[in-house]
Amino acid sequence: DGGITQSPKYLFRKEGQNVTLSCEQNLNHDAMYWYRQDPGQGLRLIYYSQIVNDFQKGDIAEGYSVSREKKESFPLTVTSAQKNPTAFYLCATTTPGSSYEQYFGPGTRLTVT
Amino acid sequence: AQSVAQPEDQVNVAEGNPLTVKCTYSVSGNPYLFWYVQYPNRGLQFLLKYITGDNLVKGSYGFEAEFNKSQTSFHLKKPSALVSDSALYFCAVRDGGATNKLIFGTGTLLAVQP
């Protein structure tokens, strides 16, 4: 999992509460990504950021928000508007000029009841 | 739009036998293709990539992949499977443009029986 940390590993929340997932990297990579993984559906892109103070919606951004105030950090907030928040969330990074492979953190499993 | 397909949800193989995990792609332009492996409750680990050059790409843990342009395939292979190879495998293709996004397949669960 390299220099990408995600915390916590497991997270439990009650329905209706917002929750923020942490992603930190010390790889000095510019671009960071958030994916959601559900069984049988592969990885779906939630948000991505190619540079500090800038980010774009991915394919399933509704009910999520992000910030990118520092190069090292890209936190994801799962809001109460997200209808099915229970999932495994993965953060990844890549660096321009590379061959575009992404490096992944260990993931956070969020369970909302 | 770029896409990849993994036609098999699960592949079963006996330890010591060769294994193949299939992936086909659809892209405009030259494809940048990747294979990742995921162990339970872990992040994805990069195995190998095809950007250009030799059609046979060698990667980590003895895995290799064969790029076939005419069949638009990028199958993952290993000559002799290990029980420890049992995991979820994802094929991915780079999306076009400057975003460096990857488009992932739905994954194939590899089960290696002792």
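Nothing in this text is a laboratory measurement; each read-out follows from the coordinates by a stated rule. Every value quoted in this text rests on a predicted model; they were computed, and no experiment measured them. Reconstructed Cβ throughout: ideal geometry from the backbone, glycine too, with neighbour counts over all protein chains shown.
Remarks
- Protection-proxy order for peptides B:85-91, B:38-44, A:52-58, each taking the mean of Cβ atoms within 10 Å per residue, highest first: B:85-91, B:38-44, A:52-58
- Placing unit charges on the Cβ atoms of the charged side chains and taking the dipole of chain B about its Cα centre, the candidate lying farthest along the positive direction among B:Val4, B:Gly59, B:Asn30 is B:Asn30.
- Relative frequency of Cα-Cα separations exceeding 24 Å in the protein assembly as shown, percent: 44
- Residue by residue along A:101-111, Cβ atoms of other protein chains within 10 Å of the local Cβ number 4 on average.
- Looking at region A:1-35, the trypsin sites (Lys or Arg not before Pro) that sit in a DSSP loop and have at most 14 other Cβ atoms within 10 Å of their own Cβ are A:Lys9, A:Lys14.
- Our compactness index for region A:1-99, the C-alpha radius of gyration over the empirical 2.2 N^0.38 Å, is 1.04.
- Average partner coverage of B:99-112, which counts Cβ from other chains inside 10 Å: 5
- Radius, Kirkwood style, for chain B when every pair of distinct Cα atoms is counted (Å): 14.2
- The residues packed around A:Val78, meaning those with a beta-carbon under 12 Å from its beta-carbon, carry a net charge of +1 if Lys and Arg are +1 and Asp and Glu are -1.
- Charge tally in the Cβ shell below 15 Å around B:Ala111, where Lys, Arg are +1 and Asp, Glu are -1, B:Ala111 excluded: -3
- Convex hull volume of region B:5-66 per residue (C-alpha atoms, cubic angstrom): 114
- Candidate lysines for bridging to B:Lys78, where Cα separation is under 30 Å - those fewer than 8 sequence places away on the same chain excluded: B:Lys22, B:Lys49, B:Lys58, B:Lys69, B:Lys101
- Scoring B:69-76, A:71-78 by mean Cβ neighbours within 10 Å over their residues and listing the highest first yields A:71-78, B:69-76.
- Relative to one another, the C-alpha centroids of region B:70-114 and region A:63-96 are positioned 24 Å apart.
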